[in-house]
Structures are given as structure tokens and as C-alpha cells.
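Taking it in order: structure first as C-alpha cells, then the write-up.
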């Protein structure tokens, strides 16, 4: 029988007056045993992060405070202990890793001295001993060259390596509880898979209780023993991972789980033979500039795109899939002429648009439009929604009244209230803003729509609504779409064909169904096998069979992170 | 607007500053009514102490009324401060917007020009300009704007640099909007808050520079100003303290009040700083 480490009962955290609800979390009961992983799942604003912070005593007091309930850790109520006792507990008994390792690490201290700090403050050891222990720790989390990493500064490591270093720090004193607050959200999917495995491995070695906070049910399926689902500060359902994922009871859990896109590709459409857009041998290099008088070394050059060739057929959705830095956004920006290409041709209806001058390009703007990633940055905060949507047609010479009339129609097409017309963007939620962004891109009646990660900033339930909307619109307006995403689940549900990109190159193109069933390139295989929760809402076993091939990868990322 | 006033009035000293400025403006506006005669007019016995010979704040060595000078000087100070600031802000926005928006070689060139202006000590540069242009109210305004625009240019450039890569600006490019329209309608409204704040503080600096120039005798000889009054009375500071002191206090209070207002605007317009108290 495993020992019970943490017992949270009837926990209430009160928010300051004038907030949109009185309690950030209410009546929360959770417990964590030794060697167990408890996942707390919820959408943004559900109170999952505050719960974690309450356990560490990191609430932004006095505005936000525990008003009722207790957090018992080994028989001691953490909400009542003195500040000194809390400081003893933190780091040694309970430790935490954060979402963004770059901001959680101190940029002006080497990794070694940051680990050293933990030992210095909590235990007495000689300097040599501390050094030795730190190197051991870094080796434990599979960092290459631990001695070198000791002297490295955070910016010299990759995202995954930083997160590994964070985990090493968190485990330095063999804490009984590890709290992980969305530790893989900022990482690429292949790195995420490695980090999740590392946390799991470390847990077995140290027999730690892990409280894992996430919004991603795929991750839950991979790592959790038990799950607690939170909504508006209340735990609506909890149970073992099997119970909750396969047999959810609460309507909210059901809705969340059904909103997670399946990895089984949807039925493919018959694709027309007519090409609406051709991208041929497009290259783009960043950097290489010099100072005012041409002095100084030219800066480092990066090949963002290398001889990319793609075709978009009439009425299809072409997915462009890849991790950060693969060049997929650069490709989108080159096609829509936000950036200039260095070489190659982008052709619509026989015209090579990447060579057009800005004025000449203006008439082509009607044909091709874009939906942006971040709904909070993509709308001008100083302009009313109606005007934002009408801007495009007005710029293209449509009379103001007609443009505004069209904007009103579009607002109802994207499912917003008619009153939205007069409001400013800040009055809307993320999902609603993304609808406004879609309406803006449709105002010019484009034939081609480029969607650059349109749902990656949204909660999963809203994500599925926006994907449905895009699908409806595509049918209604007979659009051809280029859909850029890092999320293979989304790609499976949206795309007819897929192009996989790595380091600025398209490594594989094909029908979505075929790629998922039988990936050819090693990188595609890596990507597919790294998707979290594939055994739960996964795909045919061929992917796993392909895993063995991935061992002998000549070109795939030699990421040690 | 109401919400803005609500935030502004949370800063007590800013409200105080605003009241003082309103009083100074009222004083300047009613100058011809309070003292209908020319402030250079010899009004009575020279060097009368405050309260004697019918002088509220005394008279100077030529028998000019100090109080009349202060009231009429307020008009000069405020006008010059305001106009010089407007001109400087205009030049600054022009330079900053172009170099921030277009970047590259144009940015390089415009910023080097800005730096040339920044490296010359501003007051000495102003003296030089007025000396070359011959003292008049126009040359004073020109001199003050020429020495104070680089700060605005730097600020506006930074704002444009960060805003131009925002997605809403990129969206405007994809709609085919012209550069001018993007700069004026999309980006500029989003950086108005810091411009208003720096502008309000620049009014105070402009008043100080103007007083300094007049003190040195480089102001417009036909227009009464606070700096001129101090300059005229400085030799008699020990025998007739009132000639310098009252205009000096007027400068002090006005500049202080404008600074308080500027800070209040900053708190009210910058939502992140708002949470401080």
C-alpha cells in the first residue's frame, strides 16, 4: 500500500472583489499517493494552475488567498505553516517545474550554479560533493556532456534541454512531490514525448508523487494514473485514467474528450485535378545583412525555405505540418507576399505573383487571404469590429456602404451576434476574435485561404468549433485552403492532403490517409509516434510498426534535448 | 473617457497639477482684462516693494509692474511651450514612423541624423540657433523644437518597430492596404498614449528652455516673459528680491504642475503601471 502524500480537502481560493467570480477554486478535493501521477486537466481559467500554486504557497497574496479548506502534506497543513517552514518544504519536499523553462531559469547564472544553489540552501555538503551530485543529476536527465552543461547559460540550451535542466533541479533533493505545470506545452511534439518519458522514468527511480497540470488529453492518456477534471474552479470529475477517458460521466468531461480530434484521418474527398496555386522551387534565406557602410561580419544565415515545391488543387485542404522552425509559417508568408522569396515561383492562374510589384499585387489580394494564429494580436484594438471586417473591400475600392453591409452578413456567417458590429476587439473572447479574423479574411471573397495555426491558441472545445466553422465555410464558398499546423490530430481532421516540413524542406507530401497509414520519411514517422495519447484516441498500428525504422535515421533531428 | 478620468483622478498629485495648470491658463487668458496695459509700460515708482505704491508684487528698476509681467508672461510661456512641443512631436513622429516602419538603410540614415542632434547639448544648441536666427518669438519656437524632437523620434520608432510585426498590421498588408494608411490609421493610434505622455512632459522642458533663453537676453525683446523678468532683476536680487522671485516661482509651479499631469497621464494611459498603488 502506497503512502498518501498529499490530501487536499474542501479547498477554496478567494479572488479579490470585482473579479468575474468569487472563488478561483471551490470545494476542491484531491489526493496524491507515492509514485502516482495525478493529472489535473482543464481549459484556461479553470483554476488548475492556482491549485498547484496553492500547494507551493505561491499564491499572489494578499489579493488571492486560501479562504477555506486544507492542504495536508505528511500530516501538516501547508496553508497554516509559517513562512520559514514553507521555504524548507519548497524545493526539498515539494518542487515544481514550469511551462516556460526560459523564464523559470535565471538567464545570468550558469545551470551549474543554479543547481548548486538548491543544495547550498537546503543541505550542508562540501563544494566538491555538491559539484559531483549536480553532474550526476544532469546525467540522470540524459543531458549530454553534463560537465559542459554545468557551465552553460540557459540561452545556450535548446527548449527541451532547458526543461531537462529544470527537471534536474526539481529532483535535486529527491522531493516527495513534483508539481509540473504544463511542462511540455511550449515544446515541440517530439521533444514533448521525450520529456514525458523522462518524467515517467524519474518518477519510478525516486518514487515521487507527480501532480501534472495540463490541458491536453493526449498527454493525460500517456502519463496519468488518475485524473481530475476542473471547470470554473470546481473538480467536476475524478477517477482513474481508464474510467475518465473511456467512460466519462460528467457532461463537461464528455464534451472535452469528444472535442479532442481523433488521429484517424477523416474520409478523403475526391480531389479535383485543377491546380489553383503552384509553388515551385521556392527558397528563402534570413540574415546575412551588414551595417550602414557595409562594415562588420555579415550575420548568420538561416535557410528558412529550401526548394519548396507544392501544388494546391481546387477545393482541397492542404495541410502543412511541421515543428517550430520548420519553415511552415515562412512558406505561408511568402505565398501571401508578406515576405519576398529569394528564388522560385509562386503561380496563380498563370501569373507568377511572387515577382509582382506591390501595386500590381494589390488586385491579386482578392484571390488569396490569410487567417492568423494569435487572435489577440491579429485585430487592431483601436478599430471597431465592423470596420475591421469592412477594411479589405474598402481598400479594394468597394463603396463603404456595400462593404459594411457585407461585413454584417459575414458577422452572422461566422456565428457572431449582430451587435458585435459596433464593439471593439477587447470585448471578445479568443474564439470569438478568431471568428472575426475569419470574417475579415472572407470579406474579399478569396478563392484561396491560408490558415496559419488558426486554432493553436485556443482551448480544445473552442478549437473544434472553429475547425467546424472553417469546414463549413470551405464548402459554402468553395475555397481551397492551405492549413498550417503543428498538431497532427488537427491535421488528420482537416486536411485532404498533407505536406510534412523539416528544416525548410518538404520531406513528404501525400494524401492524409496514406501518410497516417504508411509514412515514408523518418521524420514523419518520428512525428506520428510522438503524438501524445495515440494509444487512446489513436490510429492503426502501422505507425508503431514504423517505429523500428526510426532508429536508423540519417537526417532526422539529432536532438539530445 | 469617463473611465479614463476615473483612473486619472486616483493620482491625487496629478489632479493638483491639473488644477494649477487650469489656473495658469485662466490667468494667461484673462491677462488683457486683469492688466489691460502693456506690461512694458512704466507704471509707477521704480523698485517699489510688493504691496506699496499700488503694486501687488512690486515694480522693477524701470517701474514696470511685476504682477502684470507675470500675467502677460504666462501667455508667452504657455504658447511657446505648446507650439514648440507640437512642432517637435510632429517632426519626431515623422522621423520615428518612417524609420521604424521601413527599417533598413532609411532607418539607419534617419537614426544617425537623430543622433547628431542628440549629441549636441540641447541648451547650448538652442542658444546657437537663436543667435544665428536673431531673437524673435519664431526663432525661439524653432530653436526649442529643433532641440527636443529626437526624444520623440526614438520613442515613436520603438513603438512602430514593435507594432509593425504584429499580426493585425500583417493582416492589413494582406488586404492590400497602402503604407501611408497602415501607418496613420493602424499603427499611429496604437502608440498615441506614450506620445501624449512624453509630449506633456516636453511642454515643461520647453517652458524652461524659453525662460533660459529670455534670461540670457535671447528672447523676443518685444514680448514679456518670465525669463526676461528674472534676467532684468538678477542684478538687484539682494536689494529688490521680488523682481526675480515671483517670476521664478511662477516657472517653478507651472513646470512642476505640468510634470505632475504628465505622470498622471502616464499612470492613466498605461494599464500595467496602473496596478502599482
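In whole angstrom, how far apart do the alpha carbon centroids of segment A:244-290 and segment A:163-209 sit?
28
Starting from the eigenvalues of the Cα gyration tensor, five times each then square-rooted, give me the equivalent ellipsoid semi-axes of segment B:99-173, largest first, whole Å.
Values: eigenvalues 217, 31, 16 Å².
Largest first, segment B:99-173 gives 33, 12, 9 Å.
Expressed as an acute angle from 0 to 90° and rounded to the nearest 10, what is the orientation of the C-alpha long axis of helix A:189-206 relative to the principal long axis of chain A?
Approximately 10 degrees, to the nearest 10.
Give the percent of DSSP beta bridges with both residues in segment A:4-236 that are antiparallel, rounded to the nearest 5.
Details: 18 of 37 bridges.
Within segment A:4-236, antiparallel bridges account for around 50 percent of the total.
Using alpha-carbon positions, what is the distance between the centroids of segment A:395-452 and segment A:481-522, in Å?
29
Over the Cα atoms of chain B, what Rg and Dmax result, in angstrom?
Gyration radius and largest Cα-Cα distance of chain B: 21.9, 75 Å.
Using Cα pairs closer than 8 Å and at least 6 residues apart in sequence, work out the relative contact order for segment A:378-439, in percent. List each step's numbers first, then the result.
On the way: 68 pairs, mean separation 28.0, N = 62.
In percent, rounded to a whole number, it is 45.
Which percent of Cα pairs goes in each bin when the distances of segment A:435-491 are cut into 5 angstrom slices starting at zero?
4, 18, 33, 27, 14, 4
Quick check: residue separation of residue A:461 and residue A:302 times 0.36 nm, minus the Cα distance between them. What number comes out in nm? Working shown, then result.
Values: separation 159, 0.36 × 159 = 57.24 nm, distance 3.71 nm.
53.5 nm is the gain from fully extending residue A:461 to residue A:302.
Please compute, for peptide B:159-171, the average count of beta-carbon atoms on other protein chains lying within 10 Å of each residue's beta-carbon.
Details: counts 0, 0, 0, 0, 1, 0, 1, 8, 12, 14, 4, 9, 15.
That average works out to 5.
Can you put A:329, B:211, A:283, A:429 in order, fewest other beta carbons within 10 Å first?
Values: A:329 19, B:211 29, A:283 16, A:429 12.
Placing the least packed residue first, the sequence is A:429, A:283, A:329, B:211.
For the protein assembly as shown, what proportion of DSSP beta bridges, expressed in % and rounded to the nearest 5, is antiparallel? Present the calculation step by step, with values, prior to reporting the outcome.
Values: 43 of 80 bridges.
DSSP beta bridges in the protein assembly as shown are roughly 55 percent antiparallel.
Just grab the label-to-label distance for residue A:275 and residue A:358, each label 7 Å out from Cα along the Cβ direction, in nm (one decimal).
Taking the two extended label points, one gets 3.0 nm.
Given labels modelled 7 Å from the Cα in the Cβ direction, how far is it in nm from residue A:185 to residue A:408?
4.0
Where the Cα atoms of segment B:138-277 are projected onto their three principal axes, how long is each span, largest first, in whole Å?
72, 40, 18 Å, listed from the longest principal axis down.
Output the peptides B:155-162, B:32-39 sorted from most to least packed, where packing is the average of other Cβ atoms within 10 Å over each peptide's residues. Numbers along the way, then the final one.
Values: B:155-162: 20.2, B:32-39: 13.1.
For the peptides B:155-162, B:32-39, the packing ranking is B:155-162, B:32-39.
Could you work out how far helix A:460-477 tilts from the main Cα principal axis of chain A, as a 0 to 90 degree angle to the nearest 10?
That helix lies at roughly 10 degrees to the long axis.
Viscosity 1.567 mPa s, temperature 4 °C: Stokes-Einstein D of segment A:378-439 from its Kirkwood Cα radius, in µm² per second? Let's see the in-between values first.
Numbers: Rh = 11.4 Å.
Estimated via Stokes-Einstein, D reaches 114 µm²/s.
In 5 Å bins starting at 0, how do the alpha-carbon pair distances of segment A:178-259 split up by percent?
Bins of 5 Å from zero give 3, 14, 26, 23, 18, 12, 4, 0 percent of pairs.
Under the definition of partner shielding as Cβ atoms of other protein chains within 10 Å of a residue Cβ, what is the mean value for peptide A:437-448? Intermediate values should be presented prior to the final figure.
Values: counts 3, 0, 0, 5, 3, 0, 1, 3, 0, 1, 0, 0.
The per-residue average across the peptide is 1.
What is chain A's relative contact order, in percent, from Cα pairs under 8 angstrom and six or more apart in sequence?
On the way: 1091 pairs, mean separation 86.1, N = 561.
Taking the mean separation of contacting Cα pairs over the length of chain A, I get 15 percent.
What percent do you get for the relative contact order of chain B when only Cα pairs under 8 Å and 6+ apart count? Before the final figure, lay out each step's value.
Numbers: 406 pairs, mean separation 74.0, N = 277.
So the answer I get is 27 percent.
Starting from the Kirkwood Rh over alpha-carbon pairs, what translational D in µm² s⁻¹ does the protein assembly as shown have by Stokes-Einstein at 25 °C and 0.890 mPa s? Walk me through the numbers on the way to the answer.
Values: Rh = 31.7 Å.
Translational diffusion coefficient: 77 µm²/s.
When you count, for each residue, the other Cβ atoms within 10 Å and take the mean per peptide, how do A:204-215, B:254-265 rank with the highest first? Don't skip to the answer; put the middle values down first.
On the way: A:204-215: 19.9, B:254-265: 21.8.
Ranking, from highest mean packing down: B:254-265, A:204-215.
Would you mind ranking A:37, A:395 by Cβ crowding within 10 Å, fewest neighbours first?
Details: A:37 24, A:395 18.
With the fewest neighbours first, A:37, A:395 line up as A:395, A:37.
Which semi-axis lengths, in whole Å and largest first, follow from the square roots of five times the eigenvalues of the Cα gyration tensor of segment A:380-539? Intermediate values should be presented prior to the final figure.
Values: eigenvalues 239, 57, 33 Å².
Largest first, segment A:380-539 gives 35, 17, 13 Å.
Would you mind ranking B:79, B:188, A:178 by Cβ crowding within 10 Å, fewest neighbours first? If you can, show how the numbers build up before the last one.
Details: B:79 15, B:188 18, A:178 23.
With the fewest neighbours first, B:79, B:188, A:178 line up as B:79, B:188, A:178.
Shielding by partners for B:182-193, please: the mean number of other protein chain Cβ atoms within 10 Å of each residue's Cβ. Walk me through the intermediate numbers first.
Values: counts 0, 0, 0, 5, 4, 2, 1, 4, 4, 0, 1, 0.
Rounded to a whole number, the mean comes out at 2.
What number, rounded to the nearest 500 deg cm²/dmol, is the helix-based mean residue ellipticity at 222 nm of the protein assembly as shown, given -39500 (n - 2.57) per DSSP H run of at least four residues and division by all its residues?
Details: 33 runs with 402 residues, N = 838.
The helix contribution divided over the protein assembly as shown gives -15000 deg cm²/dmol.
Does anyone have the angle between helix A:385-395 and the longest principal axis of chain A? Alpha-carbon axes, 0 to 90°, nearest 10?
Rounded to the nearest ten degrees, it is 30.
Can you grab the distance from the C-alpha centre of segment A:369-389 to the C-alpha centre of segment A:62-97, Å, no decimals?
43
Rank by packing, highest mean first: peptides B:144-150, B:86-92, with packing defined as the count of other Cβ atoms within 10 Å averaged across residues.
Order by mean packing, descending: B:144-150, B:86-92.
Quick one: compute a quarter of the convex hull surface over the Cα atoms of segment A:4-236 and quote it in nm².
Numbers: hull surface 49.8 nm².
For segment A:4-236, the mean projected area of the Cα convex hull comes to 12.4 nm².
Rule-based calculations on the coordinates, nothing more; no lab input. No experiment lies behind these values; they were computed from the predicted model shown. Methodologically, a virtual Cβ is constructed for each residue, glycine included, from the backbone with ideal geometry; neighbour enumeration extends over all protein chains shown.
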